Amino acid sequence: YAGKVLRDAHGYGLLSVTEIIQKSSNIGTAKIAVMMGKNRLYHTLRRFGFGERTGIQLPSESRGLFRQPTDWDALSITRFPIGQGIACTPLQLVRAYCALANGGRLVPLRLVDRYEDPETGRIVPHPYGEAPKTFLHEATRDQLLAMLKLVTQQGGTATRAAIPGYAVAGKTGTSQKVKGGNYSSSDFFATFVGFVPADRPAFVLLVTADEPQGQHYGGTVAAPV
């Protein structure tokens, strides 16, 4: 595409959308993005909070790196959806998965849940403001949830994140680090992010290993944690 080859970690034949998520296919993801078009792709990712601060009560929070469609080149539409050419913070990724776990509501993050007066016992919840919807159609979230559960089941990239007796929803990420202005072929971030129990989530957890040695895939390094 645009004169550049895009590869998957393993060779696949024809994949459904569900299998693209389950097997973490770069090529399939890129094809979906091309079908969406850059404006629709951009606004979908923005609805999940990428390119903006999460609202956490910490100074100097980064917005990450996510350019306007007018600044995209011909290759961007196939690379941005697989995580190349953009940058996000761990908190942005956690917040996006909180939206998936929360029925599609993108809540601002906070460090303090409530205030309690030790003398009177009076409890005051810490407000978190309005939570905009990320999905235009309610059924979309349910379809995506079903796909994310298959990631941790047989045939998925994160079977080592499975927990007996529970359904776990999540996604692996194996991203090349930028070294000297280019993507490295030897240094990686290995990531798994997900929530459990999948249908009634109690928490979201993100695990990232910076430059793991030996194995470097998210499903091998981060998923077991």
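The values are calculated or read from the model by the stated rules, or taken from the named source; none is laboratory data. All of these numbers come straight from a predicted model, not from anything done at the bench. Backbone-built Cβ (ideal geometry, glycine too); neighbour counts: all protein chains shown. Please note that ligands, DNA and RNA were not included when accessible areas were found on the heavy atoms of the full protein model with its side chains. Shrake-Rupley method; radii C 1.70, N 1.55, O 1.52, S 1.80 Å.
Some points to look at:
- Selected residue (only one of VAL112, VAL151, VAL107 is in contact (Cβ under 8 Å) with a residue 24 or more places away in the chain, crowded, with 19+ Cβ neighbours inside 10 Å and either out of contact with any helix residue (DSSP H, G or I) (no Cβ under 6 Å at 6 or more places or on another chain) or not charged (D, E, K, R) (or both)): VAL151
- Note on the stretch 125-147: residues that are over 11 Å from GLY103 (Cβ atoms) and of a type outside the set (Ser, Thr, Tyr) total 13.
- Selected residue [in contact with a helix residue (DSSP H, G or I) (Cβ under 7 Å, 6 or more places away or on another chain) and not polar (S, T, N, Q)] from GLY165, GLY170: GLY170
- Residues satisfying the stated conditions in the stretch 189-204, i.e. open to solvent by 30 Å² or more (accessible area, probe 1.4 Å) and either touching a Ser or Thr at 6+ places or on another chain (Cβ under 9 Å) or not β-branched (Val, Ile, Thr) (or both): PHE189, PRO197, ASP199, ARG200, PRO201, ALA202, PHE203
- Cβ-Cβ distances below 6 Å connect the following pairs, each with a first residue in the stretch 122-140 that is surrounded by 12 or more Cβ atoms within 10 Å (Cβ to Cβ), a second residue that is outside any loop (DSSP other than H, G, I, E, B), and a separation of six or more residues or different chains: ALA131/ARG105; THR134/ARG47; THR134/ALA99; PHE135/ARG141.
- Any hit, the stretch 7-17, residues being at pLDDT 95 or above and buried (at least 17 other Cβ atoms within 10 Å of the Cβ): no
- Among the candidates LEU15, LEU45, residue that is without any contact (Cβ under 8 Å) to a residue 60 or more places away in the chain, among the hydrophobic types (A, V, I, L, M, F, W, C) and assigned to a loop (DSSP other than H, G, I, E, B): LEU15
- Test: residue in the stretch 75-83 that is in a loop (DSSP other than H, G, I, E, B), open to solvent by 60 Å² or more (accessible area, probe 1.4 Å) and either charged (D, E, K, R) or in contact (Cβ under 8 Å) with a residue 12 or more places away in the chain (or both): no
- Against the conditions (1) over 23 Å from THR191 (Cα atoms); (2) touching a Cys at 6+ places or on another chain (Cβ under 6 Å); (3) among the aromatic types (Phe, Trp, Tyr), PHE50 satisfies every one except (1).
- Scanning the stretch 154-174 for residues that are polar (S, T, N, Q) and either open to solvent by less than 50 Å² (accessible area, probe 1.4 Å) or part of a helix (DSSP H, G or I) (or both) returns THR157, THR159, THR172.
- Residue-level check: of (1) more than 18 Å from the chain's Cα centre (by Cα); (2) at pLDDT 95 or above, THR191 misses just (1).
- When ASP113, ASP73, ASP142 are checked against the criterion of being in contact with a His (Cβ under 8 Å, 6 or more places away or on another chain) and acidic (Asp, Glu), ASP113 stands alone in meeting it.
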